[in-house]
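Chemist: Below is the structure I would like to discuss, written out as structure tokens.
Any read-out appearing in this document is the output of simple, stated calculations on the displayed coordinates, not a laboratory observation. Everything numeric here is computed off the predicted structure, so don't read it as measured data. Note that we place each Cβ from the backbone using ideal geometry, even for glycine, and neighbour counts take in every protein chain shown.
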Amino acid sequence: MKPFSLVVSFVCMLMLVGCSTINMDWERALSINTLEAYDEFLRKYPDSEYTQQALQKVEPMRFQKAKDEGTTRGYSLYLMRYPDGSSARKARAQLKALRCADKTLVKQGSPAWLKRGDDSHPLRRTSFYLDNSYIGVEPSDIGRGYKACCDDPDFPLDLMWEQDHLVYFGGKGVIVGPDGTPMLMGYDCR
């Protein structure tokens, strides 16, 4: 056999072994059929021929995990990964139900540290959105004594500071003022 033929044969053999490993790992993930098994497969082979199938199997499992947890964080994390997922509407409904059931968050009126703006407000151009790092976490420090958490990446908190208060334009989540008062924002709990 010529040296070139040996190299080609060796490369072909390596490719077959690689394909065989992917197939075996995919079959293993299918047989175990858990979120962890599919996650492991996706970590090892993010761009394989089975990636789409694995992702399709994982999405309902992530929603089920959120349901099992029954927390705002679980539903928020599901929405962060699947904002248009097959269960996104249910996740948003569960988030609303959980938030509206929390009597410490549902209040009449606004505290002095919070002002409600409207979308036509000329200063809205200088407002800021809390990014995805605030989704599904406990209220995070946003500065000047305020804390906030966003519930849904499709509805990030749109806020602006003025001298002695925060202006809220839109989004869904919780804002905690400098006095420690938490306020639920963006939900109609009537």
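Chemist: Compute a Gaussian network model of the chain, connecting alpha carbons closer than 10 Å, and tell me which residue from 70, 145, 109 fluctuates the most.
Modeler: Of 70, 145, 109, the Gaussian network model singles out 109 as fluctuating most.
Chemist: Scanning the chain for GluC sites (Glu not before Pro) in DSSP loops with at most 16 other Cβ atoms within 10 Å, what's the longest stretch left with none?
Modeler: 50-161
Chemist: With angles folded into 0 to 90 degrees, how steeply does helix 35-44 sit against the dominant principal axis of the chain? Use alpha carbons for both and round to 10.
Modeler: Between the helix axis and the principal axis of the chain, the angle is about 60 degrees.
Chemist: Counting only residues 5 or more places away or on other chains, whose amide H sits under 5 Å from the amide H of residue 114 once H atoms are built in the peptide plane?
Modeler: 166
Chemist: Under unit Cβ charges (Lys, Arg +1; Asp, Glu -1), what dipole magnitude, rounded to 20 debye, does the stretch 88-169 have relative to its Cα centre?
Modeler: 340 debye
Chemist: Helix 3-32 sits at what angle to the longest principal axis of the chain, using alpha carbons and giving 0 to 90 degrees rounded to 10?
Modeler: Around 50 degrees separate the two axes.
Chemist: For the Cα atoms of the chain, what angle does the longest principal axis make with the long axis of helix 72-81, in degrees from 0 to 90, nearest 10?
Modeler: Helix 72-81 sits roughly 50 degrees off the main axis of the chain.
Chemist: Please name which of 163, 145, 175 has its Cα lying farthest along the dipole of the stretch 114-185 towards the positive end, using unit charges on Cβ (Lys, Arg +1; Asp, Glu -1) and the Cα centre as origin.
Modeler: My answer, from the dipole projection, is 163.
Chemist: Same structure, new question: Determine the calculated [θ] at 222 nm for the chain from helices alone, applying -39500 (n - 2.57) to every DSSP H run no shorter than 4 residues and normalising by the residue count; nearest 500 deg cm²/dmol.
Modeler: For the chain, the value works out to -14500 deg cm²/dmol.
Chemist: Per Stokes-Einstein, at 10 °C and 1.306 mPa s, what whole-number D in µm² s⁻¹ belongs to the stretch 48-118, with the Kirkwood radius over Cα pairs as the hydrodynamic radius?
Modeler: Answer, rounded: 112 µm²/s.
Chemist: What is the spin-label model distance, in nm, from residue 53 to residue 154 if the labels are put 7 Å beyond Cα along the C-beta direction?
Modeler: It works out to 3.0 nm between the two label points.
Chemist: Name the most mobile residue of 153, 60, 122, meaning the one with the largest mean-square fluctuation, in a Gaussian network model of the chain with Cα contacts below 10 Å.
Modeler: 122
Chemist: Could you work out how far apart the two model spin labels at residue 44 and residue 133 are, taking each label as a point 7 Å from the Cα in the direction of the beta carbon, and quote it in nm?
Modeler: A separation of 3.3 nm, rounded to one decimal place.
Chemist: Taking the convex hull of the Cα atoms, report for the stretch 114-185 its projected area averaged over all directions, in nm².
Modeler: Mean projected area of the Cα convex hull: 4.4 nm².
Chemist: How much of the DSSP bridge set in the chain is antiparallel, in percent, rounded to the nearest 5?
Modeler: Just about 80 percent of them are antiparallel.
Chemist: If you don't mind, there's one more thing I want to ask. Taking 0.36 nm per residue of separation and subtracting the Cα-Cα distance, what length does fully extending residue 33 through residue 21 add?
Modeler: Working it through step by step, the gained length comes to 2.5 nm.
Chemist: Let me ask something else about it. Name the residue, out of 78, 38, 50, whose mean-square fluctuation peaks in a Gaussian network model built on the chain with Cα pairs under 10 Å.
Modeler: 50
Chemist: OK, next. So how far, in whole Å, is the C-alpha centre of the stretch 35-76 from the one of the stretch 89-141?
Modeler: That distance is 27 Å.
Chemist: Another question, if that's okay. Treating only the Cβ of Lys, Arg, Asp and Glu as charged (+1, +1, -1, -1), what charge dipole size does the chain show about its Cα centre? Round to the nearest 20 debye.
Modeler: With Lys and Arg at +1 and Asp and Glu at -1, about 300 debye.
Chemist: Taking R0 as 22 Å, what's the FRET efficiency between residue 104 and residue 179 from their Cβ-Cβ distance, rounded to 0.05?
Modeler: 0.95
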